[in-house]
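A.B. asks: For reference, the structure I am asking about is given below.
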Amino acid sequence: MSTFFLTCAILGGSIVVIQFVLGIVGGHMLVDADDAIDTGVHDGLDLRSIRALSAGLAFFGVGGLLGLQLGIGVVLATALAIAAGGAASMATAAALRAIRRLERDGTISLQNAVGTSGTVYVSIPGERSGAGKVHLSVQNRFMECAAVTPGASLAAGAPVLVIDVSSSDTLVVVPNPTLIEESDATS
């Protein structure tokens, strides 16, 4: 049984080391093989990636060898091997998910504000004669943006709806009739 665990440790460890070395020397085509096998799940833990599987295999072998060295018997050594391999796979998948999240572009696009509701923070002069400020949430971020309105002026605290973004990255807002009706009903 120790030969089996040793083979698993060597095979898994070799794949981990090869991927690490290729990543350093620029062998990204081979290291990014996980991306070629697209599982469609990018926010969860991808336990079927080559990296997670090879780390799990390596630690399965090391855990089994450790169990045999401690003299706990084949059954308990196998249980330890499974636990170590599973933990290594989970840790590797979690690390890869964290790295993938860092690669996302977090740039705010004000075009994504169109159709969202906000609240006037600094009153907005009417007829686009000047800019005020609104508070709203864009791409899950609370923001303060410059805003103009094509209609009558809007006082601070008024609920607004973003209908457009001007060329100068200023939001074009109008009173939000849905929120106005709700605030009148609660008053």
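A.B. asks: Filter segment 86-110 for residues that are touching a residue at least 40 places away in the same chain (Cβ under 8 Å) and either crowded, with 16+ Cβ neighbours inside 10 Å or under 27 Å from Val138 (Cα atoms) (or both) and give the result. Let's see the steps before the verdict.
C.D. replies: Taking segment 86-110 as the starting set, the residues that turn out to be touching a residue at least 40 places away in the same chain (Cβ under 8 Å) are 89-90, 92-94, 96-97, 100, 110.
Answer for segment 86-110, where residues must be touching a residue at least 40 places away in the same chain (Cβ under 8 Å) and either crowded, with 16+ Cβ neighbours inside 10 Å or under 27 Å from Val138 (Cα atoms) (or both): Ser89, Thr92, Ala93, Leu96, Arg97, Arg100, Leu110.
A.B. asks: How many residues does segment 28-66 contain that are over 20 Å from Ala91 (Cα atoms) and at pLDDT 95 or above?
C.D. replies: Total satisfying the criteria: 1.
A.B. asks: Go through segment 1-27 residue by residue and tally those that are within 22 Å of Val74 (Cα to Cα) and either at pLDDT below 85 or open to solvent by 50 Å² or more (accessible area, probe 1.4 Å) (or both).
C.D. replies: So the count comes out to 8.
A.B. asks: Which of the residues belonging to segment 114-130 are open to solvent by 70 Å² or more (accessible area, probe 1.4 Å) and either part of a strand (DSSP E or B) or of a type outside the set (Ser, Thr, Tyr) (or both)? Please lay out each step first, then the result.
C.D. replies: At the first step, the residues of segment 114-130 found to be open to solvent by 70 Å² or more (accessible area, probe 1.4 Å) are 121, 127-129.
Hits for segment 114-130 are Tyr121, Glu127, Arg128.
The values are calculated or read from the model by the stated rules, or taken from the named source; none is laboratory data. Remember, it's a predicted structure, so these values are computed and weren't measured experimentally. We place every Cβ from the backbone using ideal geometry, glycine too, and count neighbours over all the protein chains shown. Ligands, DNA and RNA are stripped out before the accessible areas are found, and what is left, the full protein with its side chains, is counted by its heavy atoms. Shrake-Rupley method; radii C 1.70, N 1.55, O 1.52, S 1.80 Å.
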